[in-house]
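Structure, as structure tokens:
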Amino acid sequence: MADGTKPQSLTAVLTGEREALLAADRKLLGEVRTSLARLDAAEEDQRTLARAVHQLDELFLLVVVGEFNSGKSAFINALLGREVLEEGVTPTTSKIHRLVHGEEVARRREDGVEVVAAPLELLREIHVVDTPGTNAIHREHEAITREFVPSSDLVLFVTSADRPFTESERAFLEQIRGWGKKVVVVLNKIDTILRAEDVERIESFIVESFRSLLGFSPAVFPVSSRQALAAKAAADPDERERLWAASRFAALEGYVARTLDEAERVRLKLLSPLGVGEHLVGRYLEVVSGRVELLKDDFAALEDIERQLAVYREDLAREFRFRLADVEKVLHEVEVRGLGFFDDTVRLGRFFDLLNRERIKSEYERKVLADAPQEIERRVAEIIDWLVASELRQWQAVMDHLARRKLEHSDRIVGQAGGSFDYDRTRLLDKVGGVARHTVESFDREREASRLAESVQATVAGTAVLEVGAIGLGAAVAAIATSTVADVTGILAATTMVVVGLAIIPARRKRAKVELAEKLEAMRRELIRALTRQFDEELERSMGRIREAIAPYTRFVRAERNRLIAQRDELARTKIELAALRERIEALD
């Protein structure tokens, strides 16, 4: 503004539809900021969006990027028509320069940026930022450059004709391509190229490279900044015209003038923060979706553990039935031997032997009981050892499963965009896995077996039918089985020979066989019932300990899935709304 008045803000010059679009822009970007805060997004991303929104109230920002020695400073000087920035063949632009309007040339330092004021008309409407070279030795300035690009309204990418589109420039464009910025390419230093067809070839190379890398074909302006600035400074009209034509700068200036007219400036100004919002929404939508997918795997892992526990229960129940059958087999063999013993012993031919109670009892214990008491105790001890070993194997399986989940997650990057998700999940995996690992490492099989044996012993010894007090399992079998023959011999000893021979011996033999079968059957039922009850209690206790150990992880997975699905849906809706608003802004007249 030649009259020296202060340039108006964007808000002041908007009316009607443009004003409504600005309000929609602010509202939607405000929702994005809320979503990012809810996601506990990286502070740098939240600051970037805040700066981009703040740029709506600032002048148009033109950011110049490219390698050092590509002629960025010379290009800016040519664009401004005055040598404001120092030029050189070394990385002279080791600082970020922000060019603003001022009544006289002055320099000051603000937040790590060199602010250069100059009395130039173009700077009344725009601010120009000159960045360090993409390959400059001052790598710390690249971070500042990346902060300016998201806030820019137009990016001028300067590349040198003698080294077009270098690797560092490609890498830099890779970093900024997601911000949705309008990028214009300035092919500088064409005065170093002798043939016009070579300039056209380089221009085509740049367009193709952009298309393959960024997915669009940019506007490319071949210029000689050195000749353009010399033309503007030349006193001789003919020399000025010759240099100006050779510089091919007129096309670029015309494009900048059209871009910086009010309508296009408003459009780019509204689109600039929108592009930042779209980039961040897209990025965090990918992050959240990745986390949801990861939690699907976690759910599958937890469901797999539950399936393992169900199979564990079924396998143990089936195996337990087989092992109980071994115990029952011992009792059955006692019964068979007992019945045979009564047939062979309780008869008239052995009447006088039957009168010797101790002899019959000793014979009975030797022939009928044999090693049955010890065998039953051995079989029950095997069941206990098997159950203890099965529980240990199940804990090891859970521990290995959790370890695999942590290992599989280590290659995922879903948690590296801010927030506590990754930390919380890893911490829980460590904690739950640590509990499982500690359980396995501290598992004392002998102690567990002794505890379970005592519990089984107490359960069996306390049954009403057995009435054997706190004696061992084998002693209980011996007491029950022997009581039958003791009863038989006691009655026989008090009976006359005639009565015994004619009636009592056959009757007592039959009764003894029935009583032995009944008592052994009662013992079998109670022993199996007691062992089964104890087995069920131990199985539930084992599975309960495992479920209790993984409960914090289970709760985290369920809660996070619900939260993340809601956030994913919210971001997806916002993405659609941002795209719709972009279409409305781009359709502005």
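Details
- Dimensionless Rg/Rh of the stretch 59-260 - Kirkwood Rh, Rg from C-alpha atoms: 0.94
- Placing pseudo-labels 7 Å out from each Cα toward the beta carbon at ARG195 and PHE322 gives an inter-label distance of 8.6 nm.
- Charge dipole magnitude, Cβ of K and R +1, D and E -1 - the stretch 59-260, Cα centre, debye nearest 20: 340 debye
- A simple rule links phi to the HN-Hα coupling: the Karplus curve 6.51 cos²θ - 1.76 cosθ + 1.60 with θ = phi - 60°, which for the stretch 195-212 gives 10, 5, 5, 5, 5, 5, 5, 5, 4, 5, 4, 5, 4, 5, 5, 5, 4, 6 Hz, with x for Gly and Pro.
- Chymotrypsin sites (Phe, Trp or Tyr not before Pro) within the stretch 239-271: DSSP coil, no more than 15 neighbouring Cβ in 10 Å: none
- Theoretical gain in end-to-end length, ALA245 to ASP385 [0.36 nm per residue, Cα-Cα removed]: 40.7 nm
- Whole-Å distance, taken between Cα centres, linking the stretch 215-273 and the stretch 277-335: 68 Å
- In this label model, GLU121 and ARG307 are separated by 7.6 nm, measuring between points 7 Å along each Cα→Cβ vector.
- Note on LYS329/ARG529: beta-carbon distance plugged into 1/(1 + (r/R0)^6) with R0 of 25 Å gives a FRET efficiency of 0.90.
- Inter-probe distance in nm under a simple model that places probes 7 Å from Cα toward Cβ, at GLU83 and ARG427: 6.0 nm
- For ALA219, the residues whose modelled amide H falls within less than 5 Å of its own, excluding neighbours fewer than 5 places apart on the same chain, are VAL185.
- Positive-end extreme of charge dipole, the stretch 59-260 - chosen from VAL65, THR134, PRO150 (charges on Cβ): PRO150
- ³J(HN,Hα) computed for each position of the stretch 512-517 - Karplus, 6.51 cos²θ - 1.76 cosθ + 1.60, integer Hz, glycine/proline x: 4, 5, 5, 5, 4, 4
Bear in mind these aren't lab numbers, they're just calculated from the coordinates by the rules spelled out. As the structure is a prediction and not an experimental result, all values here were calculated from the model. Neighbour counts run over all protein chains shown; Cβ positions are idealised from the backbone, glycine included.
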